[in-house]
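The values are calculated or read from the model by the stated rules, or taken from the named source; none is laboratory data. Remember, predicted model here, so these are calculated numbers, not experimental data. Virtual Cβ from ideal backbone geometry, glycine too; neighbours counted across all protein chains shown. The protein model used for the area step is the full one, side chains on, heavy atoms only, and it has no ligands, DNA or RNA in it. Shrake-Rupley method; radii C 1.70, N 1.55, O 1.52, S 1.80 Å.
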Amino acid sequence: MSTPSILPSAPAALQPGRARMGERFAAVRAHSLQLASPLSAEDQCVQSMPDASPTKWHLAHTSWFFEAVVLGPHAPGHEPFDPAYAHLFNSYYESLGPRHPRPQRGLLTRPGLDEVHAYRAYVDAAVQSFIAGADAAAWAAAGPLLELGLQHEQQHQELIATDILHAFSCHPQLPAWQPQDAPALRLASTTPPLRWLPHPGATVEVGHAGEGFAFDNETPRHPVLLHPFELADRLVTCGEYLRFVEEGGYTRPTLWLSDGWAAVQAQGWTAPACWLAPGDPRAPAADWQVFGPQGVRPLDPAAPVTQLSFYEAAAYAEWAGARLPTEFEWEAMWNAPGITQMTGHAWQWTRSSYDPYPGFRPLAGAVGEYNGKFMVGQLVLRGGSVFTPPGHARRTYRNFFPPAARWQCSGLRLARRCA
Ligand SMILES: [Fe+2]
């Protein structure tokens, strides 16, 4: 796909800011296609479970979002690429009409991948024309929505990665998604011995305020009381988690929350989702292995453990004589001296329910459905993973998933009361 250029008719007084948006838009959109480029058309159509979506659906849905939120309401005369796509590629926006059921996205063999690529190119050109030519009122109204669309696409870029990994984990040959020489997607393996970093306790301000983008769920900024605690300076490693596995962690109900133990028994969990026990017939080996973007590799004991549910993270913390941090403890320690691996490695389960902050108000209009209506039955994860696009996450960012979800790049960092 060619990259649309900024049209020369952009109003001179607005051009620098709009030019930056145009370049950023092109870069984010291109990155989605780059992530999908190692995948065949068949790979991109598969849906391995109701919670995951096909790559092709992600590519189309993110384009639909720009049509539904930016172009349709704010670009006069915009004609949708195909009016039927609203039904196929609306995700969960009740206010934007009926939609295809989520668990059946893998049945969407039509439109084909080439048509979805054409859809993306059509939306790209329309958005670039809008950026260059919108009048001041339209730009003022839609500029923040355009930024939301880019942040939304970056979230789906991470889902492209985790969803295809889950799909490939179901394939008997456990194929690689990325080439072997893709170092950016490998977890760090230089983990030093764990150190505990103290916090004296205080009333601290949490949440987003000031410059830069933030989702509505990060606001309003507000004070919270923290009691004295200690936070681990790094993530729990595969080597540490292997001890938990080998010492019977998955067979001791007293370590688990009731719902977690029920999940262990119902799902037959014996190790993290991406781990292969010695002798696993899919890739026989004498030692533990881990399936990831580059296929099956030997377990790296110094790399952060990932693909954990909240239940597994909480059970490990119990076994280790510690606990999970609250999201506010985590946020308060973001830049503490000596802290490492806060972002760019693995999302970190917290002990905090995904609740609205005091005074929370969803965004106006359809995008009010973006975050607020999911604030029940989920736990907050903080940080950011190897699959999170650079620059997307931040100190106040709140990711969230149900406690049994374990196909994300999710690990843990320990906390405890001050010794
Ligand atoms: Fe979405």
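If I filter region 181-196 for residues that are crowded, with 19+ Cβ neighbours inside 10 Å and hydroxyl-bearing (Ser, Thr, Tyr), do I get at least one hit? The answer is yes, given that some residue of region 181-196 is crowded, with 19+ Cβ neighbours inside 10 Å and hydroxyl-bearing (Ser, Thr, Tyr).
Within region 41-84, the set of residues being among the β-branched types (Val, Ile, Thr), farther than 20 Å from GLU369 by Cα and within 16 Å of the ligand (Cβ to nearest atom) comprises THR55 only. The residues of region 373-396 that are of a type in the set (Gly, Ala, Ser) and crowded, with 17+ Cβ neighbours inside 10 Å, listed by number, are GLY383, GLY384, SER385, ALA393.
The condition of being at pLDDT 95 or above and open to solvent by 10 Å² or more (accessible area, probe 1.4 Å) does not hold for ALA36.
Of the residues examined, ALA364 is one that is part of a loop (DSSP other than H, G, I, E, B) and surrounded by fewer than 16 Cβ atoms within 10 Å (Cβ to Cβ).
Within region 382-419, the residues that satisfy the criterion of being under 17 Å from GLU218 (Cβ atoms) and assigned to a loop (DSSP other than H, G, I, E, B) are GLY383, GLY384, THR388, GLY391, HIS392, ALA393, ARG394, ARG395, THR396, TYR397, ARG398. Of the strands (runs of 3 or more DSSP E) lying entirely inside region 126-226, not one contains at least 2 residues that are within 16 Å of the ligand (Cβ to nearest atom) and out of contact with any helix residue (DSSP H, G or I) (no Cβ under 8 Å at 6 or more places or on another chain).
Residue count for region 338-352, restricted to those that are open to solvent by 40 Å² or more (accessible area, probe 1.4 Å) and in contact with a Lys or Arg (Cβ under 6 Å, 6 or more places away or on another chain): 1.
One line per residue, one yes/no per condition, for (1) at pLDDT 95 or above; (2) surrounded by 18 or more Cβ atoms within 10 Å (Cβ to Cβ); (3) farther than 24 Å from ASN399 by Cβ:
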residue: SER258; (1), (2), (3): yes, no, yes
residue: GLY268; (1), (2), (3): yes, no, yes
residue: LEU276; (1), (2), (3): yes, yes, yes
residue: VAL305; (1), (2), (3): yes, yes, no
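Just the residues that are assigned to a helix (DSSP H, G or I) and either small (Gly, Ala, Ser) or farther than 25 Å from PRO50 by Cβ (or both), please, taken from region 70-99. Lay out the reasoning, then the answer.
Initial filter on region 70-99 (assigned to a helix (DSSP H, G or I)): 70-74, 85-89, 94-96.
Hits for region 70-99 are VAL70, LEU71, GLY72, PRO73, HIS74, ALA86, SER95.
Go through region 100-118 and give me each residue that's surrounded by fewer than 17 Cβ atoms within 10 Å (Cβ to Cβ), within 15 Å of the ligand (Cβ to nearest atom) and of a type in the set (Lys, Arg). Across region 100-118, the qualifying residue is only ARG102.
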